[in-house]
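Peer 1: Following this message is one structure expressed as structure tokens.
The values are calculated or read from the model by the stated rules, or taken from the named source; none is laboratory data. Worth saying up front: this structure is predicted, and the values here are computed from it rather than measured. Cβ placement follows ideal geometry from the backbone for every residue including glycine, while neighbour counts extend to all protein chains displayed.
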């Protein structure tokens, strides 16, 4: 174990009590960037002492999410089997790597017990036998007389004999830290600057329910020391925990880490984002089709500003430009529209083959396609074989429009359908009558029929534009034609769509649109 500030070591220490959220991603990212830029190390520690809410499945999801985002760590739990499929496989194994484990707090009870016993033996901690009702009554009284509602130490001066007698009698107790009186706890926060606390407003705080169940501030302080953490970068909601952890470290004579507290991430109305808010769940973003590189880029700007107009950053570029000094002190506003915009940019940068691979699971999940082989699929509705190249052509049409991968289903489902379901009113361009619409669609039929089977967009466009120019409005020809092919209010251009569908399917859909007007 080392605690050498020249060898920077940061950590991410999540509680596996729910899905990973955007705030957690930012904590990982800033710790990762800070340590790696300095040539240091980054570790993953699981704080699962909340036995009622901590679950292995959440822990494993956290690990998988970090891997999906592209993070690695020098110490901590690691997926060593099934990693190639991550979220798609339940067949995986988790083991530890590193020399300072175990990295689950639930497996470190012996460590905590030893340190707790030391504190009890040397008088830095003591057993408190006050009931919850007694503590609450004391707090209420202190508030009524204008004093801080802190525990005043009713049990701090019990003799050793009194403590042993109470324990033998089976009287319930907790273990409290003997907070030094009238002491200033001062630390230089890397982000917020100098912060000072007065021990008199902290009281003797609880550090363990008993020798087997240490609480957050104690386990956190001990683990940071044991694992050689030199820098702790976390949200400003932890500022109030820092003086307690410093006091605990001081009581053992341990060197404290350097602390940095990031501004909170705020939602609409500048309210704090909730960890359990589905909108902030990383897994929900992944399922919706947000790319890991877009999320990393977006999260980097939640409280950090490079001081330039540059907005697109790869991980390597972030490592090059990141500095803790450029983290702002004020709250960071979560802008969902900005995330959509960034994700769209990264989708457009994808090679069509990679983008198709990313989109196909959404087409399968929605019931549009069914996999046949590695390069062919079956249209569920038409029972026709669809090749990978056909899917690529459809996705290419909409690559510029996609903001997230899940949208691909609504964009291209019409390509694989047998019959389109839409209201005939959608065919109407402005105030066209049914007779005018039928005439327009029959004209489109004739134009499509006159072309070779492998008709090209340019040929279609030239023919249609020539006819459309003779009409009161080009939309009188082009709008009904496009809607008849797609059944949608908006889509790619009619000639791109026609080329994608092919001559035979175009003619079938035009005929279907004409029947819809004539017989419905």
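Peer 1: From 158, 215, which residue is under 25 Å from residue 42 (Cα atoms) and in the same structural domain as residue 112 (by TED's automatic domain parsing)?
Peer 2: On the way: 158 fails: under 25 Å from residue 42 (Cα atoms).
From the options 158, 215, the qualifying one is 215.
Peer 1: A further question follows. Could you tell me whether any residue of segment 219-239 is in contact with a strand residue (DSSP E or B) (Cβ under 8 Å, 6 or more places away or on another chain), closer than 24 Å to residue 130 by Cα and not in a strand (DSSP E or B)?
Peer 2: No - not one qualifying residue is present in segment 219-239.
Peer 1: Out of 366, 406, 376, I need the residue that is over 26 Å from the mean Cα position of the chain (by Cα), surrounded by fewer than 18 Cβ atoms within 10 Å (Cβ to Cβ) and not assigned by TED's automatic domain parsing to the domain that holds residue 71. Which one? First the steps, then the outcome.
Peer 2: Values: 366 fails: over 26 Å from the mean Cα position of the chain (by Cα); 406 fails: over 26 Å from the mean Cα position of the chain (by Cα).
From the options 366, 406, 376, the qualifying one is 376.
Peer 1: Out of the residues in segment 325-351 meeting the condition of being free of Cβ contacts under 8 Å to residues at least 60 places away in the same chain and not in a helix (DSSP H, G or I), tell me which one is surrounded by the fewest Cβ atoms within 10 Å (Cβ to Cβ).
Peer 2: Of everything passing the filter in segment 325-351, 351 is surrounded by the fewest Cβ atoms within 10 Å (Cβ to Cβ).
Peer 1: Which count do you get for residues in segment 121-134 that are closer than 21 Å to residue 247 by Cβ and surrounded by fewer than 17 Cβ atoms within 10 Å (Cβ to Cβ)?
Peer 2: Of the residues in that region, 3 qualify.
Peer 1: What is the number of the single condition among (1) part of a helix (DSSP H, G or I); (2) closer than 21 Å to residue 108 by Cβ that residue 209 does not meet?
Peer 2: (1)
Peer 1: Say whether the condition of being closer than 29 Å to residue 330 by Cα and in the same structural domain as residue 185 (by TED's automatic domain parsing) is met by at least one residue in segment 203-211. I'd like the intermediate steps shown before the answer.
Peer 2: So in segment 203-211, the residues closer than 29 Å to residue 330 by Cα come out as none.
Checking segment 203-211: not a single residue is closer than 29 Å to residue 330 by Cα and in the same structural domain as residue 185 (by TED's automatic domain parsing).
Peer 1: Out of (1) touching a residue at least 60 places away in the same chain (Cβ under 8 Å); (2) not assigned by TED's automatic domain parsing to the domain that holds residue 62, what's the single condition that is false for residue 322?
Peer 2: (2)
Peer 1: Could I ask something else about it? Residues of segment 194-205 being in contact with a helix residue (DSSP H, G or I) (Cβ under 9 Å, 6 or more places away or on another chain) and closer than 15 Å to residue 126 by Cα, which ones?
Peer 2: Of everything in segment 194-205, just one residue is in contact with a helix residue (DSSP H, G or I) (Cβ under 9 Å, 6 or more places away or on another chain) and closer than 15 Å to residue 126 by Cα, namely 205.
Peer 1: When residues of segment 206-218 are filtered for being touching a helix residue (DSSP H, G or I) at 6+ places or on another chain (Cβ under 7 Å) and under 15 Å from residue 234 (Cβ atoms), how many remain? Step through it out loud before you land on a result.
Peer 2: So the first thing to find is which residues in segment 206-218 are touching a helix residue (DSSP H, G or I) at 6+ places or on another chain (Cβ under 7 Å), and the list is 207-208, 211-212, 214, 217-218.
If we keep only those that are under 15 Å from residue 234 (Cβ atoms) as well, we get 217.
Total satisfying the criteria: 1.
Peer 1: A further question follows. So, in segment 239-256, exactly how many residues are touching a residue at least 40 places away in the same chain (Cβ under 8 Å) and surrounded by 17 or more Cβ atoms within 10 Å (Cβ to Cβ)?
Peer 2: Residues that pass the stated criteria total 8.
Peer 1: While we're on this one: Exactly one of (1) in a helix (DSSP H, G or I); (2) touching a strand residue (DSSP E or B) at 6+ places or on another chain (Cβ under 7 Å); (3) farther than 30 Å from residue 110 by Cβ is unmet by residue 285. Its number?
Peer 2: Condition (2) is where residue 285 drops out.
Peer 1: Consider only pairs whose beta carbons are under 9 Å apart and that are at least six residues apart or on different chains; among these, list those whose first residue lies in segment 98-119 and is assigned by TED's automatic domain parsing to the domain that holds residue 223 and free of Cβ contacts under 8 Å to residues at least 24 places away in the same chain and whose second residue is surrounded by 18 or more Cβ atoms within 10 Å (Cβ to Cβ) and assigned to a helix (DSSP H, G or I).
Peer 2: From segment 98-119, no pairs qualify.
Peer 1: Residue 417 is checked against (1) surrounded by 13 or more Cβ atoms within 10 Å (Cβ to Cβ); (2) closer than 18 Å to residue 493 by Cα and fails just one. What number does that condition carry?
Peer 2: (2)
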